[in-house]
There are 2 protein chains.
Amino acid sequence: MMLKAPLPPGSTIGVLGGGQLGRMLAVAASRLGLKTHIYSDEANPPASDVAAATAIGRYDDDRALAAFADAVGVVTCEFENIPAKTLEIAGRSAPVFPPPKSFAVAQDRLVEKDFVSELGIPVAPYAAIDDLDSPRQALSDMGGPAILKTRRFGYDGKGQVFVHTESEAESAWETIGGVPSVLEGVVRFEREVSVIAVRGQDGEAQFYDVVENVHQSGILATSRAPARISDSTVFEARRIAGAIVEALQHVGVLCVEMFEREGEAPGLIVNEIAPRVHNSGHWTIDACQVSQFENHVRAICGWPLGTTNRHSDAVMTNLIGDDANQWPALAADPGATVHLYGKSEARPGRKMGHVTRLFPKS
Amino acid sequence: MMLKAPLPPGSTIGVLGGGQLGRMLAVAASRLGLKTHIYSDEANPPASDVAAATAIGRYDDDRALAAFADAVGVVTCEFENIPAKTLEIAGRSAPVFPPPKSFAVAQDRLVEKDFVSELGIPVAPYAAIDDLDSPRQALSDMGGPAILKTRRFGYDGKGQVFVHTESEAESAWETIGGVPSVLEGVVRFEREVSVIAVRGQDGEAQFYDVVENVHQSGILATSRAPARISDSTVFEARRIAGAIVEALQHVGVLCVEMFEREGEAPGLIVNEIAPRVHNSGHWTIDACQVSQFENHVRAICGWPLGTTNRHSDAVMTNLIGDDANQWPALAADPGATVHLYGKSEARPGRKMGHVTRLFPKS
C-alpha cells in the first residue's frame, strides 16, 4: 500500500517498537505536528512517554496489530528484527515504510552479503555455514582468522565468536547454538565509518556527512562527525549508500556501516546495513538543522526530505549501563548535550542515553 | 516547598497548561529522561500528544489539582495568567517553580511597572487608570499619544487601545470594559529586543543572546538572533534581565521584552516581563545546544543550567492562522526548519507553528 498524498499535520504515525529510537522518532514527529502511536511487546516502553497512544501486544497478535494499523496513517519500525509476518499484517491496514525487502535483506547476514556483493560493492570474504563440517573448511579456504556470526538476530556484538584455528571453528559453531551462520574473514581496517542515508517516496536520496565510529565490546561507543577521511572516500561512501537504498527501493533512513582499508587494498567494504534510524546518526539531533529522526518521519509520510546539512562538528558518546549514573556531572558539563532515554533499569550493555559535544565546523 | 535534591531522570514534571509551550517543554523534558504530566482546562491540548499523562480540569478544581500535583515531582506553568489560587493548591503537594511572585508581578501591568521602576530600570511613562475621569487627566499629563492597557489578562495585543486625544481617552476606557488599567505613554523606539534569562535554584543566572523582534498586529512575527545592537546595549539588556530575575528570586526561564531608544534619550526601557518560556526564544531550539525549554526544565528540576551558547545565527518566523497551510512549501524549503504545534483549527491570530532559518555565525 502506498501513500497517495503526504500525510498532513495532525496525522498519526505508527511505530513498531518502543525503545529509544521510537522515542526520538516520536519527538521528531511532534515537531512536524504529527502524533505517534507506539506498538511494543514490552510494558512501559521508553517511547510511550512521548507518544499520543501506546498499544502493548505480541508481534504475532493479528488482531492487536490490525487495530494498531487501522488507527494510524503510516506504519514504520524502529528495530530491524521485526518478523516479516508482522509487517504483512500491518500492511493490510496501512502503508508500511521502509518496505519489507529492506528488513528481509538486513535481517539475514548471508542474504545481506549476497545482496551487497551483487551490487558490485566489496564485502569481507564470507561463507555460509550450515553444518558442523563447514566452519573448518571455510576457515581453511579463507586462510586467516575469522568471525562466526549467526545469520539472524545478532546485534551489538551478540551471536558472534572469533575463530583463529580449525579446532576453534567447530566449538564456535556449538557456542552460537549450531544455527545457520556466516563465517566472515577478519578484515584489517584503519577505521569504521557509517553513512546515514534517507530516501523519500519520490526516490530522492540524501546523505548525512560520513561519521567515524568506535566500538567497544561490540557496542558503538562514539561517533565523530565528520569522519577524518579523504573527499574521494566520502564520495565513495555516499555512492555505496546510494546504490543500496536505490536497489532496495528503500523509503526512510538507512545506515550503512563500512570499514575503511588502507595499505595494499585501500577502499571501503560494507560491514552491515541497518534499515532504520541508527545510533551512529544520533549526533544529527544536535549538529544538523533536520535530524535523522525527522528525515525518517518526512520520508515515511511522503513529505519532502529536509536538509542534511551539518552546522557544527560533533562527537557523540553513548552512555552504556552505569554510565548514565553520571548524569549530574554530565548535566553540569557546559560542552555536553545530554540525552537520556527514560529507561528505569541500567543493565550492563544497555544503551541508557548519549551525550553530544559540538564544535565549530572545521 | 523546595526541592531537596535534583529530580532524577525517570521523574515526572507537571505542567499547568497544554499549549505549544507545554508541548515543547515536554519534548525537552524527554531528552533528559523526564516524563511530563499536563494539566489543562481544554480537551485535547497540543502538549498531551507528547506527555506521559494528561489531566483535564478547571484551574479552580481543588481535588483535580491536588491529584495532579501529588502525581508529579515538580509543578510549572506554561502561561502567565494562571490564578494565584491554582499555584497555591498545587504547592501543597509539590514544589512549584517559577515562584508565585513572578506570576503576581507579570500578571498585573501596574504591579509590573512599579516593580521594574523600583529596581531603577526605565519603563515608559505610565499612570494607573481606575475610573472614567482619570484617562483624560493622565493623557494630558503625559503630553502625547498613549496606549490604554488593561492591567490584567492582556496578551498578543489584546486589551489595548491607542489614545491620541482626550475625548478618545474616555471611549478607550469604555472599549476595554472599564476595568482597572494602565495608560502608557507611547515611546518612540528604534527596535524591540528581548532577553531570555534562566535562573536556577542555586541562584545562578544565564542569558541567551539578545534578540530583535518584530510584531505585527500585536503578535510576534519574527525574532532575529543576535540583535543588531551594540555590545554595550547587549550588556545593559542582560544586566536588566539579571536584576529582574534576582529581585523576583525567579526559578526557570523568564523573558524581558524591551525597547531600544536612540536619539536624545538612548537606552533600553522595559516593556513587559513574561515569567515563562517565550515565543521570542523558540530559535534556541535550533540555534543553541540547550534550548530555553530544556533550561527551564533543568532549572525547575534543580539541575545545573545548560549552556546558552548559540552555534548559529537564526531568524524565527511565526506561522499565524492560515500561514501553517503553507506547510508543504515550507517543508520543501531546505533553509527552513519547520515546527508545527498539532493544533487542529487554524483560527485567525492563532499561533500554529514557527519556522527557524539558520545561518553561519556572523
Being touching a strand residue (DSSP E or B) at 6+ places or on another chain (Cβ under 9 Å), within 30 Å of B:Met2 (Cβ to Cβ) and crowded, with 17+ Cβ neighbours inside 10 Å is the requirement here; does B:Val315 meet it?
no
For the stretch A:104-117, indicate whether the set of residues that are in a loop (DSSP other than H, G, I, E, B), closer than 30 Å to A:Val182 by Cα, in contact with a helix residue (DSSP H, G or I) (Cβ under 9 Å, 6 or more places away or on another chain) and free of Cβ contacts under 8 Å to residues at least 40 places away in the same chain is non-empty.
no
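Sort out for me the strands (runs of 3 or more DSSP E) sitting completely within the stretch B:143-224 that have 3 or more residues that are touching a Gly at 6+ places or on another chain (Cβ under 9 Å).
Once the strands (runs of 3 or more DSSP E) in the stretch B:143-224 are filtered for at least 3 residues that are touching a Gly at 6+ places or on another chain (Cβ under 9 Å), what remains is B:146-150, B:191-199, B:205-207.
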Residue check for A:Thr165: without any contact (Cβ under 8 Å) to a residue 60 or more places away in the chain, among the hydroxyl-bearing types (Ser, Thr, Tyr) and buried (at least 17 other Cβ atoms within 10 Å of the Cβ):
no
Taking the stretch B:232-254 and keeping residues in contact with a Pro (Cβ under 8 Å, 6 or more places away or on another chain) and assigned to a strand (DSSP E or B) leaves B:Gly252, B:Leu254
I need the full set of residues from the stretch B:284-306 which are assigned to a loop (DSSP other than H, G, I, E, B) and either at the interface with chain A (Cβ under 9 Å from one of its Cβ atoms) or over 16 Å from B:Val195 (Cα atoms) (or both), in order please.
B:Gln289, B:Val290, B:Cys301, B:Gly302, B:Trp303, B:Pro304, B:Leu305, B:Gly306
Quick test for you: out of B:Arg310, B:Arg261, B:Arg276, pick the one residue that is surrounded by 24 or more Cβ atoms within 10 Å (Cβ to Cβ) and among the basic types (Lys, Arg).
B:Arg276
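Select, from B:Leu139, B:Leu87, B:Leu110, B:Leu65, the only residue that is more than 30 Å from B:Asp202 (Cβ to Cβ), at pLDDT 95 or above and buried (at least 17 other Cβ atoms within 10 Å of the Cβ).
B:Leu110
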Tabulated pairs, the stretch B:333-362, first touching a residue at least 60 places away in the same chain (Cβ under 8 Å) and outside the structural domain of B:Ala47 (by TED's automatic domain parsing), second part of a loop (DSSP other than H, G, I, E, B) and acidic (Asp, Glu), C-beta under 8 angstrom, 6+ apart or interchain:
B:Gly349/B:Asp156
Which number in (1) in contact with a Pro (Cβ under 7 Å, 6 or more places away or on another chain); (2) part of a helix (DSSP H, G or I); (3) within 25 Å of A:Ser11 (Cα to Cα) marks the one condition that A:Ile89 misses?
(1)
Residue check for A:Ile229: assigned to a helix (DSSP H, G or I) and out of contact with any helix residue (DSSP H, G or I) (no Cβ under 7 Å at 6 or more places or on another chain)
no
Quick check: is even one residue across the stretch B:319-333 closer than 20 Å to B:Val193 by Cα, more than 10 Å from every other protein chain (Cβ to nearest Cβ) and not aliphatic (A, V, I, L, M)?
no
Mind listing just one residue for me: the one in the stretch A:46-69 that is within 14 Å of chain B (Cβ to nearest Cβ), of a type outside the set (Asp, Glu) and in contact with a Ser or Thr (Cβ under 7 Å, 6 or more places away or on another chain) and, of those, farthest from A:Ala90 (Cα to Cα)?
A:Val50
Near pairs, Cβ below 8 angstrom, 6+ apart or cross-chain, from the stretch B:16-31 (among the hydroxyl-bearing types (Ser, Thr, Tyr)) to any residue that is not in a helix (DSSP H, G or I)
B:Ser30/A:Gly342; B:Ser30/B:Thr36
Which of the numbered conditions does B:Gly252 fail, given that it passes all the others? Conditions: (1) crowded, with 24+ Cβ neighbours inside 10 Å; (2) within 14 Å of chain A (Cβ to nearest Cβ).
(2)
Quick check on B:Arg228: is it among the charged types (D, E, K, R) and closer than 25 Å to B:Thr76 by Cα?
no
For the stretch B:334-352, which residues satisfy the criterion of being more than 8 Å from every other protein chain (Cβ to nearest Cβ), of a type outside the set (D, E, K, R), in a loop (DSSP other than H, G, I, E, B) and under 20 Å from the mean Cα position of the chain (by Cα)?
B:Gly349
Check on A:Leu268, away from chain B (no Cβ under 12 Å) and among the hydrophobic types (A, V, I, L, M, F, W, C):
yes
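The values are calculated or read from the model by the stated rules, or taken from the named source; none is laboratory data. As the structure is a prediction and not an experimental result, all values here were calculated from the model. When we count neighbours, we look across all protein chains shown, and the Cβ atoms used for this are built from the backbone with ideal geometry, even at glycine.
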